[in-house]
Amino acid sequence: MTKERLLLISINQVQNSFEIEMMLLGTSEAQSVSLEESQFLVHGLYLESLLDLEQLQAENFVREYQARLLQVRSGELSYREILTASYLYELHCSCFGQVFSWAGVVRTRPPGFVGVAPEQIRNSVLELMGTLRCQIEEVRTTSSTEIAMRAHHELVKIHPFVDGNGRTTRLFSDLLLASLSEPARVFNWRDTPEHIQLLRACDTSLDYSALVAHVGTRAIF
């Protein structure tokens, strides 16, 4: 597959994956960037509206998605490199570093409706990475799609960052799945009420089969 073809597919994947965030672009135009939010923008960056802010984040995110997926497909990036806490933090920093000063920095605010306490984040992330590597290398009875979906689910529960957790965890899970599958596949993300319900069901069951079936996957070539 040519690089151009892969880039086109990855752009389509991003557009199909983040419907809620695309909807935000259509409702943010008249709203000014809040004073609280603007103080965390990268020094020298001025954005007048939430539409400008969302567009800049989306553009940066698409570039990172393309670049990281190409690394997986070229063999430069393996699951062993992906399944580290440092890679997760660096991934968030790359996606949002041109916008927010706190990009890649672990959340210090108390959790909202989801998330562990700030002092538990680093240990929770390390423990998750170890568990996922163990499933891949030692247990070997769990499908690659369920392992990658567990990464998404558990990282959403941990909520390591102030913002951008959804995009970052979906990208992280896509990269992990692509690195584990042949031919390489990514999730066919859809933001639906059923998705949220199935995510919550996984909190107690740790059975990801229904969530995987609902989301689905697609080959990237």
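Where does each of M129, M149 land when they are ranked from fewest to most other beta-carbon atoms within 10 angstrom?
Exposure proxy ranking, most exposed first: M129, M149.
To make sure I understand, if each residue's beta carbon is the centre and we count other beta carbons within 10 Å, what order do T168, T217, T108 fall in, fewest to most?
If I rank by nearby Cβ atoms, fewest first, I get T108, T217, T168.
Cβ under 14 Å from L198's Cβ, L198 left aside: what net charge do those residues give with Lys, Arg +1 and Asp, Glu -1?
Computed value for this residue: -1.
Amide H to amide H under 5 Å from F161: which residues, 5+ apart in sequence or cross-chain, H placed 1.01 Å off N in plane?
Amide H neighbours of F161: R107.
With N set to the number of residues, divide the alpha-carbon radius of gyration of region 48-159 by 2.2 N^0.38 Å and report two decimals.
Against the compact-globule rule of thumb, the ratio is 1.18.
Taking a ≥ b ≥ c as the square roots of the Cα gyration tensor eigenvalues, with a/c under 1.5 meaning rounded and otherwise prolate when a/b beats b/c, else oblate, which class fits region 78-143?
Oblate.
Please give the contour-minus-distance gain from T192 to S209: 0.36 nm per residue of separation, less the Cα-Cα distance, rounded to one decimal in nm.
Going from the current span to full extension adds 4.4 nm.
So, in nm, how far is label D52 from label F113 when the simple model puts each one 7 Å beyond its Cα toward the Cβ?
3.0 nm
Which whole-Hz ³J(HN,Hα) couplings does region 73-80 yield from phi under the Karplus relation 6.51 cos²θ - 1.76 cosθ + 1.60, θ = phi - 60°, glycine and proline marked x?
Those phi angles translate into 5, 7, x, 6, 10, 10, 4, 5 Hz.
If you add up the charges near R107, with Lys and Arg at +1 and Asp and Glu at -1, over every other residue whose beta carbon is less than 11 angstrom from its beta carbon, what do you get? Mind showing how you got there, number by number?
Numbers: positive: R109, R122; negative: E119, D163.
Charge balance near R107 sits at 0.
Quick check: residue separation of E182 and R140 times 0.36 nm, minus the Cα distance between them. What number comes out in nm?
Here the segment from E182 to R140 would lengthen by 13.5 nm.
Quick one: net charge around A151, please, counting Lys, Arg +1 and Asp, Glu -1 for every other residue with C-beta under 13 Å from its C-beta. Display every interim value, and only then the final one.
Values: positive: R133, R150, K157, R170; negative: E127, E146, E154, D174.
Cβ neighbours under 13 Å give a net charge of 0.
Computed from the coordinates by the stated procedures, all read-outs in this text should not be read as laboratory data. For clarity, every value in this text was computed on a predicted model and none was experimentally measured. Here Cβ is always computed from backbone atoms with ideal geometry, including for glycine, and neighbour counts include all displayed protein chains.
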